[in-house]
Amino acid sequence: MLNSNRLYSIAFKMFVLGFVLYGLYLSFFVPDFEIEGLPAISFFTTQSNILVAMALVYLITEPRHGRFRSFIRGSVMLYILITGLVFHVLLIPAYPELFADGVKFRYHLTHTIAPVGFILDWLLFERKGLMCCRDFKYWFVYPLLYWSGTVIAGRFSGVYPYFFMDINSIGLAFALFWLLFLLALFIPLGLLLIWLDNKIGS
């Protein structure tokens, strides 16, 4: 029989997973607005929420705590934090016309509840002290591939999901500046996650 802490852990993960899946359902099948030529999967938000959903399923079904689990937890936690911070710090101020009446619940699902829920699950139920600095460099492979692939695809289609990647409007040099600026923010954030994990777990 599962112990009570494991039961609480599974229940909480399923609770968060329900919100994440509902947010993804809305993104794919009930879009609030669309950028012509870009499906929902083109957005980092959508992809990072899919990764959160997959990670939660893995964490629910795999009770063993180890290096691979810590790699999945740390990397996905960083990606969903990037989603939440970019939305609240950059996109809301950049598009005031979209949020004149406040941020809709559907956006909070994928940009607020998903990151907060995933982080709370880590704080409450995950074994600490397993994240490793030597894994850190691999965490950024996916975001860099996303940026590169999106910029290249946008160069041909003329459509970009985010203003800070739109080299047709801001130029390649300024897009690279934005990339370096974001890396300068999120590299320390990733290192902070590893430090906290090891500090709490010590």
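The values are calculated or read from the model by the stated rules, or taken from the named source; none is laboratory data. Just so you know, these numbers come straight off a predicted model, no measurement behind them. Cβ sites come from the backbone with ideal geometry, for glycine too, and all protein chains shown count toward neighbours.
Some observations on this one:
- Within the range 156-198, the only residue that satisfies the criterion of being out of contact with any helix residue (DSSP H, G or I) (no Cβ under 7 Å at 6 or more places or on another chain), touching a residue at least 40 places away in the same chain (Cβ under 8 Å) and aromatic (Phe, Trp, Tyr) is Tyr162.
- Some residue of the range 119-134 being buried (at least 18 other Cβ atoms within 10 Å of the Cβ) and more than 27 Å from Ile200 (Cβ to Cβ): no
- For the range 55-71, the set of residues classified as over 16 Å from Asn5 (Cα atoms) and either over 12 Å from the mean Cα position of the chain (by Cα) or modelled with pLDDT under 95 (or both) consists of Leu56, Val57, Tyr58, Gly66, Arg67, Phe68, Arg69, Ser70, Phe71, listed by residue number.
- Failed item, numbered, when Thr150 is tested on (1) closer than 19 Å to Val52 by Cβ; (2) at pLDDT 95 or above: (1)
- Flag for Ile50 being of a type outside the set (Ser, Thr, Tyr), assigned to a helix (DSSP H, G or I), over 24 Å from Val159 (Cβ atoms) and touching a residue at least 12 places away in the same chain (Cβ under 8 Å): no
- In this structure, Ile35 does not qualify as part of a helix (DSSP H, G or I) and touching a residue at least 12 places away in the same chain (Cβ under 8 Å).
- Condition met for Leu185 (closer than 18 Å to Leu38 by Cβ, part of a helix (DSSP H, G or I) and either under 16 Å from the mean Cα position of the chain (by Cα) or at pLDDT 95 or above (or both)): no
- Taking the range 75-98 as the range and being without any contact (Cβ under 8 Å) to a residue 12 or more places away in the chain and either among the hydrophobic types (A, V, I, L, M, F, W, C) or part of a loop (DSSP other than H, G, I, E, B) (or both) as the test, the residues that pass are Val89, Ile92, Tyr95, Pro96, Glu97.
- When Leu145 is tested against (1) surrounded by 18 or more Cβ atoms within 10 Å (Cβ to Cβ); (2) within 22 Å of Leu78 (Cβ to Cβ), exactly one condition is not met: (1).
- Once the range 1-33 is narrowed to residues that are of a type in the set (D, E, K, R) and at pLDDT below 95, the residue that is nearest to Leu59 (Cα to Cα) is Arg6.
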